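Heads up: the structure comes next, in structure tokens.
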Amino acid sequence: MAVISGETLHVHFLGTAGAVPTPQRNASCLMIRRGSDTLLFDCGEGAQQQMMRVRTGFTVDAIFISHWHADHYLGIFGLLETMAFNGRRDPIRLYGPRRIHEIVSIIRQLNQGLSFPIEAFELSDEEEILFDGYRVLPFATRHGCESFGFILAEDERPGRFDREEAIKLGVPPGPLFGRLQRGETVTVTAHGEQILITPDEVMGSPRPGRKVIYTSDTRPLRKWPDMAVGSDLLIHDATFDDLEKDRADEVFHSTAGQAAIAAQVTGAQRLALVHISSRYTSTANHIQDAKRHYQGEILFPNDCTMIEIPFRD
């Protein structure tokens, strides 16, 4: 049965700093709220304070950690403690590279008063994690250690309902319209005969769902997953401007220009540049570098920025 999806899709940039936070930028943390689900991608120190500032609450369903560098996971300890103080009882799922089970064991030892279970899952390259109406695809990145980026991709949506064609076939306006849109076959009476009307007679071609990609820390990828094509938003490491390309290569990060090339190659609708080194007090060069390679919309989100991802049609 087809699912009619009208869920909101909000991206909250809770932490956009490089390895060292600044007074303006916290360590890496990205929140995606899809309908009633809330997912965190990385959880640097100070994440819970950022959640308070943007008033999202602490009802997180799953946390995905891209790699075991401290600026991407140290916030987990305090966040889980706060959840326990608030009386959480529901399990929380933690996904991460190898050693995720070891990390969860340490969390349990340090926080023995936790009031809820922690479920640990080890990430695997391009092994989909299914949710209700969407999926998360981890993919291997290039950061000098085992590291992952993530693609959140919604399921296809039903095509447009052709109201006039349905009436022409003898379907009266009302509940039968809804059943056809949900993928059900209906029976109508026309000229004294019962006729079956199938959804494909009144529904257009399926329409793609929305798609968000988060690379976390990485050098430019040599090959992207097939699912990466045509995202609504690509959130890419842009630690350095292009003048520091050699330094970026040395420490397994990307420049703003390289992030823009990735957006161009994958056909992203919008590009957001994150993980900015603390050496920069201005992002003017980053934006200029990106514009040389990519003609789409370029975003440079501050901490606590929220972007809503609309349906394309």
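FYI, it's all coordinate maths here, none of it is from the lab. As the structure is a computational prediction, the values presented were derived from the model and not from experiment. Here Cβ is always computed from backbone atoms with ideal geometry, including for glycine, and neighbour counts include all displayed protein chains.
The equivalent ellipsoid of the stretch 71-134 has semi-axes of 22, 15, 10 Å, largest first, where each one is the square root of 5 times an eigenvalue of the Cα gyration tensor. Treating r as the C-beta distance of Asp246 and Lys291 and R0 as 30 Å, the FRET efficiency rounds to 0.85. Principal axis analysis of the Cα atoms in the stretch 183-246 yields extents of 78, 17, 15 Å, listed in decreasing size.
For Leu74 and Arg279, what is the calculated FRET efficiency with R₀ set at 22 Å and r taken between the beta-carbons, to the nearest 0.05? Taking R0 as 22 Å, the efficiency between Leu74 and Arg279 is 0.55. In the stretch 45-204, the ratio of gyration radius to Kirkwood radius, Rg to Rh, stands at 1.22 when only Cα atoms are counted. Can you work out the FRET efficiency for the pair Cys145 and Glu201, with r the C-beta to C-beta distance and R0 = 41 Å, to the nearest 0.05? Efficiency at R0 = 41 Å is approximately 0.15. Taking 0.36 nm per residue of sequence separation and removing the Cα-Cα distance, the Leu130/Glu102 pair yields an extension gain of 7.7 nm. First select every other residue whose beta carbon is under 13 angstrom from the beta carbon of Asp90; then total the charges, Lys and Arg +1, Asp and Glu -1. Taking every Cβ under 13 Å from that of Asp90, the sum is 0. A viscosity of 1.306 mPa s and a temperature of 10 °C, combined with the Kirkwood radius over Cα pairs in Stokes-Einstein, give a translational diffusion coefficient for the chain of 75 µm²/s.
Coordinate range of the alpha-carbon atoms in the stretch 156-313 per principal axis, descending: 78, 30, 22 Å.
Please compute the contact order of the chain in relative form: average sequence separation of alpha-carbon pairs under 8 Å and at least six residues apart, divided by the residue count, as a percent. The partial results should precede the final answer.
Details: 697 pairs, mean separation 55.4, N = 313.
Answer for the chain is 18 percent.
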